[in-house]
Amino acid sequence: MHKRIILFLLLGLINTCCLAQKVSDQHLYNIIVEKPEDDSTHIHFEIVIEDSENEEGGTFRTDSIDEFIQSLLQDVSSLPDEKNNILIYIHGMFGSNRWTYNHVLGMLYKAFIHPEVSDISRILSVKWPGNNVEYKDNKARVPLIADELNKILLEIVRQVQLVDIFNPFFSTEFDLIAHSLGNE
C-alpha cells in the first residue's frame, strides 16, 4: 500500500513539473459491470483516449483497479489546477446501450467538459447491465452489483484523496450524476 502511495505521489510530481496536456484531448474512464451470474459480479476497467492533434489513443482494458487508478491519477495530475476535476456518471435504464450512451456522453461533454468555466476535465462512467426492457428486471439487478461497485468507487475516491492530501502539487474533486435507475 505504501509503495503505491509513493508511486502516485511521484507520478503526480513528475507530471506536474514536466508534462503539459491539452484539456481538449478526450479521456474517458469506464467501469464496466458485467451481468451478474451465480451471485458473482465481474468488473472491468476501460480507458478511452482520443488525441486529435497526434491521432494517438485508443481503448485500453484491464481487470486491475490499480492500473486504472494509476492511469487516472497520472492523467488528472497533468492537467491545469483550474480544470482537473472528475465527473462520475452512473447511467439509468438503457444507459449502456451504445446509441444512448454515446448521445448522453456527448451531452455531458458539451455541458461539463467543453465550457472553459467548468472545472471538470474527465468523466468516469459506470456502465452496468440495465438494458432489459423490463424495469423490474433492471431494478432487481441493482442489489446484485451494488456492494462490489460501491467498493470500487470508494477505492477510487480514497486513492485520489490520499494523493490529494500528501502531494502539494495535486488537487482534484469529484462530481456525481446518477440518472434514473442509476440512483438505486
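Within the set H44, H27, the sole residue that is at pLDDT 90 or above and of a type outside the set (A, V, I, L, M) turns out to be H44.
Taking residues in the stretch 84-96 that are assigned to a strand (DSSP E or B) and modelled with pLDDT of 90 or more, and partners anywhere that are hydroxyl-bearing (S, T, Y) and surrounded by 18 or more Cβ atoms within 10 Å (Cβ to Cβ), the pairs with Cβ atoms closer than 6 Å and at least 6 places apart or on different chains are N85/T172; Y89/S125. Exactly one residue out of L79, L73 is at pLDDT 85 or above and assigned to a loop (DSSP other than H, G, I, E, B): that is L79.
Considering the stretch 148-181, the residues that are of a type in the set (A, V, I, L, M) and in contact with a Leu (Cβ under 8 Å, 6 or more places away or on another chain) include one that is surrounded by the most Cβ atoms within 10 Å (Cβ to Cβ), namely V163.
Restricting attention to the stretch 101-138, the residues being modelled with pLDDT of 75 or more, more than 13 Å from L176 (Cα to Cα) and touching a Gly at 6+ places or on another chain (Cβ under 9 Å) number 4. In the stretch 141-153, the condition of being in a helix (DSSP H, G or I), at pLDDT 85 or above and small (G, A, S) is met by no residue. Mind listing whichever residues of the stretch 146-159 are touching a residue at least 24 places away in the same chain (Cβ under 8 Å) and either closer than 16 Å to Y89 by Cβ or among the polar types (S, T, N, Q) (or both)? Residues satisfying the conditions are L149, I152, L153, I156, Q159.
The values are calculated or read from the model by the stated rules, or taken from the named source; none is laboratory data. If you're wondering where the values come from, they're calculated on a predicted model, not measured in any experiment. Cβ: placed from backbone, ideal geometry, glycine included. Neighbour counts: every protein chain shown.
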